[in-house]
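The values are calculated or read from the model by the stated rules, or taken from the named source; none is laboratory data. Only a predicted model underlies this, so the values are computations on that prediction, with no experimental measurement involved. Using ideal geometry, Cβ is built from the backbone for each residue, glycine included, and neighbour counts are taken over all protein chains shown.
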Amino acid sequence: MKPKQLLLYFSLFIVIGGFVYFYEYEGGQTREAAQEWANKTFKIASPDSIVGLSIQNAKGTYSAVRMGEDWEINAPLNTAGEAAQWNGIAGKIAEATTDREITDKLTNLGAYGLDNPRVTVKMTLGDGSQKTLLVGYESKVSKGGATTFVKWADSTRIVTTSNSLFTQLDKSLFDLRNKSIFSVDQPRVGKITLVGDKEKVVLEKIANRWMITEPVLLPAMPNAISSMISGFNGLKARDFVEEEPTSLKPYQLDKSARRVIFQYDDGSTREEIRIGKQRSEDELFIHWLGKHPVAIIDTNQAKRFAKSAFDFQEKKLKSFDMNLVDRFTIVGENPLAIHKKDSTGWFSSNGDSLDTEKVESLLRSLNTLQADKVGDYNASNLVQYGLSSPKMVINAYHQDTVLASILVGAETTDEFFVKAADSPHVYVVQNWRIKNLQKSIESLQ
């Protein structure tokens, strides 16, 4: 075959291939998009095109406007909207498809429930235009799945679409409003005061470090504080009972035993949230002090208020560098003295070789020993805790320096009273933690 013929055939192949591509692929996509548009019931380009909604249903009349990613309800009151609900409504309207068109030329809209519609939706689009949608009876006939009659108020065309549109529109004010009860800007919080039934706890950020300052002075765990603030910011209402309360007394919120006060670093803001009496067995009244409604939460959420100083402190009795330990002793029912002679391993005070892994496991148990609850932050009398003459004393050394010294006192049914020798605080430790330290030389060989 001559070169000119090859070039001609190749060019023809390119032309035909291009035609097939643009007709079948590009053209197919265009035709598919056109068909999707033709099937759309309301011919709205996208949910984002809807910037305002007013819904009238059997439960009330509610209006909201889109504010970026959020929605703001402006009737029957001014409050934040539940974005997922309003976006869901906009999505259902924009994406609704037609099941069938009603060809009967009936002038009586009552046959379709459109003279007194179940739902009337007034919407504002991004171009400023306004439309009114009527949602009537559920249809008894459909091609698949439950459908309902709908029409534009200014059109004679009646069609059916999925009944999920009605379901999405059949909402109450509570469904449509944001149910968040409280909000603080977490990075700006510099002081938190928790007033409980029995204890007052004060947490303060000092030199960019969180401290417990009441009822004891101790470092606080940042993660525990962050988790608590997130928990309060995540409080959700079961119900709102009074939008603008004139008196908090009926809810026992005026002199609440339980409240939490958040103060910002710069002193510009003070936010207080209170918890009141029970409305029912599993419900409580709650109020963010100021121009906020009285709400209801379930009793499980109220556990956020039941915090003690112990919840925010480090639970380990004594931290030390295990790599520095060259000797440790346990004086008690089973006295134990262990020496680390050299880099070859651990030896007992009698020179017996010990299993390095077992000894280091014992050392880890000591280094990670933690309290399960507080016994007394300021114990003036150690006798009552059995700590004036402890049952066991555990010491870890580096040469002649004591790295950690733990005293184990009286035992209750399943707990011991324990304290670090250099601390005034008495803690309660479950007995299994202590029994992990009660080893014999034989068990370590």
Candidate set: region 354-411, residues that are within 16 Å of residue 422 (Cβ to Cβ) and either of a type in the set (Phe, Trp, Tyr) or not assigned by TED's automatic domain parsing to the domain that holds residue 331 (or both); chosen: the one farthest from the chain's Cα centre (by Cα): 397
Inter-residue pairs, beta-carbon under 8 Å, first assigned to a helix (DSSP H, G or I) and in region 215-235, second small (Gly, Ala, Ser), 6+ apart: 233/180; 233/183
Candidate set: region 421-445, residues that are exposed (fewer than 14 other Cβ atoms within 10 Å of the Cβ) and either modelled with pLDDT under 90 or of a type in the set (A, V, I, L, M) (or both); chosen: the one farthest from residue 407 (Cα to Cα): 445
Selected residue [on the phi < 0 side of the Ramachandran plot and in contact with a strand residue (DSSP E or B) (Cβ under 8 Å, 6 or more places away or on another chain)] from 153, 84: 153
Residue 112 surrounded by fewer than 18 Cβ atoms within 10 Å (Cβ to Cβ) and among the aromatic types (Phe, Trp, Tyr): no
Residue selected from region 35-71 under the condition of a type in the set (A, V, I, L, M) and under 21 Å from residue 162 (Cα atoms), by the criterion modelled with the lowest pLDDT: 38
Residue in region 309-324 that is over 22 Å from the mean Cα position of the chain (by Cα) and under 19 Å from residue 438 (Cβ atoms) present: yes
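Are any residues in region 196-225 of a type in the set (Gly, Ala, Ser) and surrounded by fewer than 14 Cβ atoms within 10 Å (Cβ to Cβ), and if so, which ones?
Within region 196-225, 207 is the sole residue that qualifies.
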Matching entry among 111, 90 (being outside the structural domain of residue 241 (by TED's automatic domain parsing), outside any loop (DSSP other than H, G, I, E, B) and without any contact (Cβ under 8 Å) to a residue 12 or more places away in the chain): 111
Residues satisfying the stated conditions in region 403-445, i.e. polar (S, T, N, Q), farther than 20 Å from residue 382 by Cα and in a loop (DSSP other than H, G, I, E, B): 436, 438, 440, 445
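Do the conditions hold for residue 387, that is, is it of a type outside the set (Asp, Glu) and either in contact (Cβ under 8 Å) with a residue 60 or more places away in the chain or within 16 Å of residue 443 (Cα to Cα) (or both)?
No: the conditions fail for residue 387.
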Candidate set from region 326-363 (those that are touching a helix residue (DSSP H, G or I) at 6+ places or on another chain (Cβ under 6 Å) and aliphatic (A, V, I, L, M)); member that is nearest to residue 375 (Cα to Cα): 363
Identity of the residue in region 291-331, outside any loop (DSSP other than H, G, I, E, B) and of a type in the set (D, E, K, R), that ends up surrounded by the most Cβ atoms within 10 Å (Cβ to Cβ): 304
Pair list, Cβ under 8 Å, 6 or more apart: region 63-74 residue assigned by TED's automatic domain parsing to the domain that holds residue 170 and closer than 18 Å to residue 119 by Cβ, other residue surrounded by fewer than 15 Cβ atoms within 10 Å (Cβ to Cβ) and of a type in the set (A, V, I, L, M, F, W, C): 63/75
Number of the exception - residue 102 against (1) modelled with pLDDT under 90; (2) more than 24 Å from residue 150 (Cβ to Cβ); (3) assigned by TED's automatic domain parsing to the domain that holds residue 139: (2)
Any hit, region 267-280, residues being among the charged types (D, E, K, R), under 19 Å from residue 374 (Cβ atoms) and either part of a helix (DSSP H, G or I) or in the same structural domain as residue 228 (by TED's automatic domain parsing) (or both): no
Residue tally, condition surrounded by fewer than 18 Cβ atoms within 10 Å (Cβ to Cβ) and either in contact with a Gly (Cβ under 7 Å, 6 or more places away or on another chain) or not assigned by TED's automatic domain parsing to the domain that holds residue 77 (or both), over region 125-171: 1
Selected residue (only one of 339, 287 is surrounded by fewer than 19 Cβ atoms within 10 Å (Cβ to Cβ), touching a Phe, Trp or Tyr at 6+ places or on another chain (Cβ under 8 Å) and in a strand (DSSP E or B)): 339
Tabulated pairs, region 166-189, first closer than 17 Å to residue 119 by Cα, second of a type in the set (Asp, Glu) and buried (at least 16 other Cβ atoms within 10 Å of the Cβ), C-beta under 7 angstrom, 6+ apart or interchain: 176/82
Residue 122 being under 28 Å from residue 239 (Cα atoms), assigned to a strand (DSSP E or B) and either assigned by TED's automatic domain parsing to the domain that holds residue 236 or among the basic types (Lys, Arg) (or both): yes
Output for region 342-366, where each listed residue is surrounded by 13 or more Cβ atoms within 10 Å (Cβ to Cβ) and basic (Lys, Arg): 358
Selection count where residues are buried (at least 21 other Cβ atoms within 10 Å of the Cβ), within 14 Å of residue 124 (Cβ to Cβ) and not aliphatic (A, V, I, L, M), scope region 62-83: 2
